[in-house]
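Taking it in order: structure first as structure tokens, then the write-up.
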Amino acid sequence: MTTSDERVLDYPIPAPGPLEPPAEWARLRAGCPVSRAKLPSGDEVALLTRYSDVKDVLADQRFGRSLDDPDAARISDTESGGLFNSEMSTALPQSGEGHQRWRRLVNRWFTAKRMLALRPEIERMAESLVDDMIAGGGPADLKAALGFPLPVWVICDMLGVPTADRDRFSRWSDTFLNLTRYSEQEFKAAEADFFAYMAGHIAAKQQEPGDDLLSELIAATDSEGERMPDRMLAATGLGLLIAGHETTANMIGKMVAMLLSDRRRWERLLADPSLVRSAVEEVLRFDANSGLGMVRFLNEDVEIAGTELPRGTTVMCNMAAANRDETAFDGADDMDLARTPNPHLAFGTGAHSCLGQALARNELQVTLEVLLRRLPSLELAVPAAQLRPLEGLVVGGLREVPVRW
């Protein structure tokens, strides 16, 4: 791989503050849109930062997430590559027709209509958690009190998981998505525990189906008349846990922090709650602490932005950097709560775009609506600059979000 700048960047690139983007992003977009970056494992990837390049690669169905290929870069420093070369990644088809058949089965549940029907239950859960936070008195950690439990409650409910097992799912999610906190042995132990749990849960659902996603997938057949094998069902549960919990849990905390870091944003939403939907989209676009990005493995030679990338290259698509591209968004470095349209790439695009984006949008919108209604005086309990980034997590986030009211 030859780029216009032969330096190898350490990745993720350090940011000047918890809510601010690295200054390096603008330099890379302007002068080195395809750069060399070294992951925590020590392996190199081609890093993309321009909106058009990121969008094109993510939408190109020739490229998937075949990170079990011997040539693929390892994301973490564990021998197996952690989450990206795990039981889940090998049990679920990562590209091609197999991936599309799997998505078609799961997509039957993740319709916008069905996700909208979940809103009353999501609101009930959010109200209950806010009740508990208020009862505990301020200041409180909004992430621990609301952001972290809400999405795992929702995804467990969707999978038909008993309320008593929610904490186990929270621990598993944290282990699978942390690049540095847990050892290879701890990762493998958590993975084994999860798949053992899911085997029993699937068996129980096969005997007594419920009104949940897992029961529906057990009974569903694809266009070829085939049902999803148990191993794939378990891996689907893991994928939905990871996509449906940690990412949204961290986004709830970051959303509130971004809106409260400049009080004028919060006051504008209080004055005009109809802006909640567009505000959530702008928060997703504006998020500078979104983690690594999305990876793609090139199974053929490709030219991107004038750079030749050979087969076997692992490409890191930095959607957060792309979402700050001035060529795609007017005033890209300004948060505009009424921005419309807002074609951000926070959920990716194309064949591998986030399955649960309708669910995530509903959770974020409901959370914001509940907080504006219940706690209009909400404010950060520490200066925004003192918020602490969560280190080592694939999806990025804040350690805590101290608030008072």
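The criterion of being open to solvent by 30 Å² or more (accessible area, probe 1.4 Å), more than 18 Å from the chain's Cα centre (by Cα), modelled with pLDDT under 95 and within 19 Å of LEU47 (Cβ to Cβ) holds for GLY306. Residues in region 255-274 that are open to solvent by 50 Å² or more (accessible area, probe 1.4 Å), closer than 17 Å to ARG404 by Cβ and in contact with an Asp or Glu (Cβ under 8 Å, 6 or more places away or on another chain): ARG263 only. Scanning region 214-231 for residues that are in contact (Cβ under 8 Å) with a residue 60 or more places away in the chain and either of a type in the set (Phe, Trp, Tyr) or open to solvent by less than 40 Å² (accessible area, probe 1.4 Å) (or both) yields LEU217, ALA220, ASP222, MET228.
The residue pairs whose first member lies in region 202-213 and is closer than 15 Å to MET158 by Cβ, whose second member is open to solvent by 50 Å² or more (accessible area, probe 1.4 Å), and whose beta carbons are closer than 9 Å, counting only pairs six or more residues apart or on different chains, are ILE202/ASP230; PRO209/GLU216; PRO209/ALA219; ASP212/ASP157. The single condition among (1) under 21 Å from LEU359 (Cα atoms); (2) open to solvent by 30 Å² or more (accessible area, probe 1.4 Å); (3) modelled with pLDDT of 90 or more that ASN250 does not meet is (2). The numbered conditions (1) open to solvent by 50 Å² or more (accessible area, probe 1.4 Å); (2) at pLDDT 80 or above; (3) touching a helix residue (DSSP H, G or I) at 6+ places or on another chain (Cβ under 7 Å) are all true for GLU87 except (2). Count of region 321-335 residues, restricted to those that are within 17 Å of ALA279 (Cβ to Cβ), open to solvent by 10 Å² or more (accessible area, probe 1.4 Å) and touching a helix residue (DSSP H, G or I) at 6+ places or on another chain (Cβ under 6 Å), is 1. With respect to MET316, is the statement that it is touching a Gly at 6+ places or on another chain (Cβ under 7 Å), aliphatic (A, V, I, L, M) and open to solvent by less than 20 Å² (accessible area, probe 1.4 Å) true? So MET316 passes the test.
Among the residues of region 179-189, those identified as within 20 Å of ALA249 (Cα to Cα) and either in contact with a helix residue (DSSP H, G or I) (Cβ under 9 Å, 6 or more places away or on another chain) or modelled with pLDDT of 80 or more (or both) are LEU179, ARG181, TYR182. Scanning region 30-47 for residues that are touching an Asp or Glu at 6+ places or on another chain (Cβ under 9 Å) and either of a type in the set (A, V, I, L, M) or crowded, with 22+ Cβ neighbours inside 10 Å (or both) yields PRO33, VAL34, SER35, ALA37, LEU39.
Residues are listed down the side, and each one gets a yes or a no for (1) over 22 Å from the mean Cα position of the chain (by Cα); (2) modelled with pLDDT under 85:
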{"site": "THR163", "(1), (2)": "yes, no"}
{"site": "ASP167", "(1), (2)": "no, no"}
{"site": "LEU177", "(1), (2)": "no, yes"}
{"site": "LEU213", "(1), (2)": "no, no"}
{"site": "THR221", "(1), (2)": "yes, yes"}
{"site": "THR236", "(1), (2)": "no, no"}
{"site": "LEU240", "(1), (2)": "no, yes"}
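Within region 242-270, restricting attention to residues that are in a helix (DSSP H, G or I) and acidic (Asp, Glu), the residue that is farthest from the chain's Cα centre (by Cα) is GLU267.
The values are calculated or read from the model by the stated rules, or taken from the named source; none is laboratory data. No experiment lies behind these values; they were computed from the predicted model shown. Glycine gets a Cβ as well: all are built from the backbone with ideal geometry, and neighbour counts include every protein chain shown. Note: accessible area is taken over every heavy atom of the protein model, side chains too, but ligands, DNA and RNA are not part of it. Shrake-Rupley method; radii C 1.70, N 1.55, O 1.52, S 1.80 Å.
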